[in-house]
Amino acid sequence: MRAKLHRLFLDNLLLKGSFVILIGSTLANFGAYLYHLLMGRLLGPVDYSVLESLISVLYYLGIPMTVFGVVVVKYISGEKDSEKIARFFTKILNKVALWGFYGLIIFLLLFPLFRNLLKIDSFLLFLGLGITAYLGVFNSLFSYSLQGVMKFKDLSIYSVFSSWLKLFFSLVFLYFGFKVYGALIGLLLSSFLACLFGLNLAKKYINLFKSNNISIKDSFGNIRSYSLAVFFTNFSLISLFTADIILARYFLPSVEAGYYASLSILGKVIFYASSPIVSVMFPLVSSKHSAGENYQKLFWMSFSLILLTSLIISIIYFSFPELMINFLFGKAYLEGASSLGLFAVFLTLYSLCSLFLNFYLSISRTKAIFLAGFFAVVQVILIFFNHGSIGEIVRINIFTLSLLLLGLLLFYIKSFKFKQCS
């Protein structure tokens, strides 16, 4: 009886924490989405395609922090000794500060490569992007530390603060006529201030800057294979999410690349609407899996919610493409209206694939990452050889994600041997 009460109390904590994260991520995602809409309207198709290409690179630069995030959350959440947590976090902080700086130098040395790929000649833009990514290393670390000590309210406040601060400063600099440079300065300044805010939040729960005389090899070694799975899963998902934007910038005329970027952002409404469901599902399924309880019903409930949300948005996009583009981005982007419904299909498939992959990670079924990695490569290859128009690229996306979703579904059937959800 006592064990049952303890389990019920733990589940309630998990539900409360997940609900707080759901509210915070929804508000943060809304701020992020509003940022893209306003940047698209104020910059115009050509400059907006430049900004979206830079942000796509920023996604890739943030992937390594996912691995450190797993280490931080796993160690901090499982360690009760506050002194050990402080020394461990200080060790990680020092390492990411040093390795992140090396990464910044390497990124700047690769400027000639990125200049040709993105067709952007300004070194200042890449310098600002690199510094923003470096500051993002610390912002991610502070977020993961709050997650590790289970301070979900502070984590949500931090996420919302960072998202809306980015929007505010970018709008200020655009108002004064700095265009793409202004948008990037807004990203840089908001990342710096968010870093200071995150540091103050983390200091409330972790005694920072303790002696870092502690080894993290054992902590990392125990979850090395899982960390690699998380890394490659996120890399594959981000590639499927952003590689098409970078390649559209490279192959299509600048104006069409701007249309493509705006359509991609509109399609991502589906992903932003579904990502809180994935965020809530992950810890709940993980908890039930660890306790030996049924978790498949929860997964299929999440699947149904995402599918229903996606279908509603897709119907709107297919029915009123010009109205949606004109209302959200303006008349300058109407040329791409005919492809908006296709983007809705693409992002619906992407959202469902993301759900499957996160589900497999939550129950440590990591073999599915090979499917995601394979089709991420297939997408790039197909676009490289077929990129004549916006419609052609997005159809390749749909084809690739359809095959990936089918593969993930077959993996589920094989894993659970046709067992019905109860």
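Here, each number is a calculation from the coordinates, and none is a lab measurement. Predicted model, so just to flag it, every value in this text is computed and none were measured. Here the Cβ positions follow ideal geometry from the backbone for every residue, glycine too, while neighbour counts run over all protein chains shown.
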Beta carbons within 10 angstrom, averaged per residue: use that to sort the peptides 21-27, 178-184, highest first. 178-184, 21-27
What 222 nm value per residue comes from the helices of the chain, counting each DSSP H run with n ≥ 4 as -39,500 (n - 2.57) and dividing by all residues, nearest 500 deg cm²/dmol? -29500 deg cm²/dmol
If you wrap a convex hull around the C-alpha atoms of region 356-406 and split its volume per residue, what is the figure in Å³? 60 Å³
Could you order the peptides 230-241, 47-58 from most to least packed, using the average number of other C-beta atoms within 10 Å per residue? 47-58, 230-241
Beyond 21 Å, what percent of the Cα pairs of region 225-414 remain? 51 percent
Quick one: Karplus J couplings for region 136-146, per residue in order, coefficients 6.51, -1.76, 1.60, θ = phi - 60°, nearest Hz, x for Gly and Pro? x, 4, 6, 4, 5, 4, 5, 5, 5, 5, 5
Expected vector for region 165-182, Karplus 3J(HN,Hα) from phi with 6.51, -1.76, 1.60 and θ = phi - 60°, integer Hz, x for Gly and Pro, equals 5, 4, 5, 4, 5, 5, 5, 4, 6, 5, 4, 8, x, 7, 6, 4, 4, x
Classify the chain as rounded, prolate or oblate from the Cα gyration tensor: take a ≥ b ≥ c as the square roots of its eigenvalues, call it rounded if a/c is under 1.5, otherwise prolate when a/b beats b/c and oblate if not. oblate
Can you pull the Rg over Rh of region 272-364, Cα-only, Kirkwood? 1.14
Semi-axes of the equivalent ellipsoid for region 20-222, please: Cα gyration tensor eigenvalues, times 5, square-rooted, ordered largest first, whole Å. 32, 20, 13
For a 30 Å ceiling on Cα separation, which of these pairs sit above it: K153/K179; K95/K151; K84/K166; K95/K288; K91/K151? K153/K179; K84/K166; K95/K288
